[in-house]
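Written below as structure tokens is the structure these notes are about.
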Amino acid sequence: MSLVLHILCTLVNYVSRLKILVESFLENTGIVVTLLITRSLFILTSHSPLSSYKCKDDLITIAGALSLSRDRTVIDLTVQIKEHLMGNPDCASQPQFAGLLGGK
């Protein structure tokens, strides 16, 4: 893995963790807010199929971007993401998610 890709993956993981912390804080204070991961950070997923993701943090990032539960095993996260995308073709066709099911 190139150094640049490693740095980008690390940055995405930190953003994902920060997003989870902020959401938890806002939920605990009763404020409903949806936080988005910017396309420039999340574009990494648009070129790789879902089956290529083995790191739980990566799957948590994808699940979070889809507003899905993140408190699951790697296998459960993968199944949940795949089922969500297959059941929501409009979502699956968005550029940042299209590659996950093998789309272009």
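The values are calculated or read from the model by the stated rules, or taken from the named source; none is laboratory data. None of these values were measured; they are calculated from a predicted model. Note that each Cβ is placed from the backbone with ideal geometry, even for glycine, and that neighbours are counted across all protein chains shown. Side chains are part of the model used for accessible areas, which takes the heavy atoms of the whole protein and leaves out ligands, DNA and RNA. Shrake-Rupley method; radii C 1.70, N 1.55, O 1.52, S 1.80 Å.
Couple of notes before you dig in:
- Top-ranked residue in the range 89-99 [being open to solvent by less than 50 Å² (accessible area, probe 1.4 Å) and more than 16 Å from residue 9 (Cβ to Cβ); ranked as nearest to the chain's Cα centre (by Cα)]: 97
- Elements of type helices (runs of 4 or more DSSP H) in the range 1-88, at least 1 residues being under 13 Å from the mean Cα position of the chain (by Cα), surrounded by 11 or more Cβ atoms within 10 Å (Cβ to Cβ) and at pLDDT 85 or above: 56-65, 74-87
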